[in-house]
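Every number here is computed from the coordinates shown, using simple stated rules; none is lab data. What you see is a predicted model; the values in this text were computed from it and never measured. Note that each Cβ is placed from the backbone with ideal geometry, even for glycine, and that neighbours are counted across all protein chains shown.
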Amino acid sequence: MSVFWRIFRLMIFLVVTIKVANAACSNGTCKFLDECSSDADCGTGLYCFSCLTISRCVRSSATNQFKLLNNSLPFNKYAFLTTHNSFAIEGEPSHTGVPRLTFNNQEDNVTQQLNNGVRALMLDTYDFEGDVWLCHSFKGECHDFTAFEPATDTLREIEAFLSANPSEIVTVILEDYVKSPNGLTKVFTDAGLMKYWFPVSNMPKNGADWPLVSQMVANNQRLLVFTSIRSKEQSEGIAYQWNYMVENQYGDGGMKEGDCFNRGESSPLNDTSKSLVLVNYFRSVPLKPLACVQNSGSLIDMLQTCHTAAANRWANFVAVDYYKRSEGGGTFQAVDTSNGELLCGCNDVHSCLPGSACGTRSR
Ligand SMILES: *[C@@H]1O[C@H](CO)[C@@H](O)[C@H](O)[C@H]1NC(C)=O
Ligand SMILES: *[C@@H]1O[C@H](CO)[C@@H](O)[C@H](O)[C@H]1NC(C)=O
Ligand SMILES: *[C@@H]1O[C@H](CO)[C@@H](O)[C@H](O)[C@H]1NC(C)=O
Ligand SMILES: *[C@@H]1O[C@H](CO)[C@@H](O)[C@H](O)[C@H]1NC(C)=O
């Protein structure tokens, strides 16, 4: 009986404590890192999330660097939040009638990702069912149990976003297993995306700056597509990724503290003839609780390590799993750091504003 009583008192204590904690703020008044019990408690740009134990308001969206500052610099002077396997979304219903047996890497759908400020999507494209599908598969073949959805469905979400947001630029990075001739061209055409296509002929080689973002917007060339198949640059006008970008090792090999080296297909990171830098930071096997921790402090450390390895260049693309999971600023803060360093040499893009401490110093 007395044990029961003690547990009962403990429960009352916990309930009261939680209630008191929550009473401090609610209904949109909770600020960054305040305790919360639902998303509605948190202010704009935040949501209620429990990384380890207590739920707190953490960031849910990226800073729009073009709106905060301007879009008058070359494309390669900006950083973009990138989702790894953007299509491998938990809860995506089976489209093949067979339950899926493969890993998920994200929780939000692509429309939500884009609305929250994700600007680059990593998609795995396969020939499947006489069409092109997004699959999380192996040995270059898609199966009923590794298939997510027809590529056109996701590409249409991108089209809707670009159409509704005429100043935004989206980059698509394909792990490409499509062998059917013009298979990709067909799905990008069907999705209505060709009108936004940024032509390969305008992509700089030999390390030159990219066109200005303002020019890309004015020309409506707001979709950048890169493939992992070299020959498609010639055959379909789809840029071969590693002609333009250096990229560090993905998976566990890319998460060793203090070590940043290129993946096999990429030139060494210090090859400055490629003007764009992509940093991967996700485990080989995606685990949600770990994603929360790795998206927090150690991601920014890796950006710093890769900056040094890439001949003092900050990442343009920061690729992660479960992009919203963090103990606070998470991936959004990491991209703010990269943007700040790229744009004004400050470690936060907000410090680039005229009058802020770092901004004043660097001007
Ligand atoms: C929550 O906040 C909104 C806007 O500030 C207000 O209209 C609404 O009445 C509030 N709801 C409650 C339950 O306090
Ligand atoms: C994405 O998710 C949102 C929120 O759940 C939903 O309203 C929307 O219909 C979804 N869009 C697609 C294309 O799945
Ligand atoms: C680039 O990095 C490699 C190691 O990955 C190093 O051997 C090489 O000297 C570096 N090149 C330059 C130009 O710094
Ligand atoms: C745009 O922002 C960058 C970074 O803060 C700054 O260096 C540049 O002068 C700004 N350009 C214009 C036209 O305001």
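Using 7 Å Cα-to-Cβ label points, what is the Q112/D252 separation (nm, one decimal)?
Label at Q112, label at D252, 3.0 nm between them.
Once you have the Cα-Cα distance between T102 and N312, take 0.36 nm times their residue separation minus that, and quote the gain in nm to one decimal.
71.9 nm
For Cα pairs less than 8 Å apart in space and 6+ apart in sequence, what is the mean separation divided by the residue count of the chain, i.e. the relative contact order in percent? Mind showing how you got there, number by number?
Values: 769 pairs, mean separation 58.5, N = 363.
For the chain, the relative contact order is 16 percent.
From the helices alone, meaning DSSP H stretches of at least four residues, give me the mean residue ellipticity at 222 nm for the chain, per-run term -39500 (n - 2.57), in deg cm²/dmol to the nearest 500.
-8000 deg cm²/dmol, from helical runs alone.
Taking the Cα centre of segment 63-361 as the origin, how large is its charge dipole in debye, to the nearest 20, when only Lys and Arg (+1) and Asp and Glu (-1) carry charge on their Cβ atoms? Can you show the working numbers first?
Values: 22 positive and 33 negative charges, 163 e Å.
Charge dipole of segment 63-361: 780 debye, to the nearest 20.
Hey, quick one: spin label on H95, modelled 7 Å out along Cα-Cβ, who in segment 122-147 has an amide N within reach, i.e. under 19 Å?
Within reach of a label on H95, which here means backbone N under 19 Å from a point 7 Å along Cα→Cβ, segment 122-147 contributes 122-138, 140-147.
Kyte-Doolittle cut-off -0.5, length cut-off 27 Å along the helix's own axis using Cα: show which whole DSSP H helices in the chain pass. List each step's numbers first, then the result.
Values: long enough: 2-23 (31 Å, 1.50).
Length and hydropathy pass: 2-23.
What ranking do 156-164, 114-122 get when scored by the average of other Cβ atoms within 10 Å per residue, highest first?
On the way: 156-164: 17.4, 114-122: 22.1.
Highest-to-lowest ranking by the protection proxy: 114-122, 156-164.
Considering only Y322, N280, L342, whose Cα is most displaced toward the positive end of the charge dipole of segment 63-361, charges sitting on Cβ of Lys, Arg (+1) and Asp, Glu (-1)?
L342
Which net charge results for the neighbourhood of G330, defined as the other residues with beta-carbon distances under 10 angstrom from its beta-carbon, given Lys and Arg at +1 and Asp and Glu at -1? Working shown, then result.
On the way: positive: R59, K324, R325; negative: E327.
Result for the neighbourhood of G330: +2.
Mind giving me the FRET efficiency for N182 and S61? R0 is 35 Å, r the Cβ-Cβ distance, nearest 0.05 is fine. Don't skip to the answer; put the middle values down first.
Numbers: r = 37 Å, r/R0 = 1.04.
For N182 and S61, the calculated efficiency is 0.45.
Using alpha carbons only, how many angstrom separate the centre of segment 152-225 from the centre of segment 49-122?
After rounding, the separation between the Cα centres reads 18 Å.
Just to confirm a number: summing +1 for Lys and Arg and -1 for Asp and Glu over residues other than A62 whose beta-carbon lies under 10 angstrom from that of A62, what do you get? Walk me through the numbers on the way to the answer.
Working: positive: R59, R119; negative: D336.
The answer is +1.
Which one, W133, T146, L162, projects farthest toward the positive side of the charge dipole computed for the chain from Cβ point charges (K/R +1, D/E -1)?
Highest projection toward the positive end goes to L162.
With unit charges on the beta carbon (Lys/Arg positive, Asp/Glu negative), name the residue among N202, S50, I89 whose Cα is farthest towards the positive pole of the charge dipole of the chain.
S50
Rounded to the nearest 0.05, what FRET efficiency is calculated for S284 and L52 with R0 set to 25 Å and r the Cβ-Cβ distance? Could the numbers behind the result be given before it?
Details: r = 23 Å, r/R0 = 0.90.
Efficiency for this residue pair is about 0.65.
For K179, which lysines qualify as cross-link partners when the Cα separation must be under 16 Å and same-chain residues fewer than eight apart are set aside?
Qualifying lysines at Cα under 16 Å: K139, K232.
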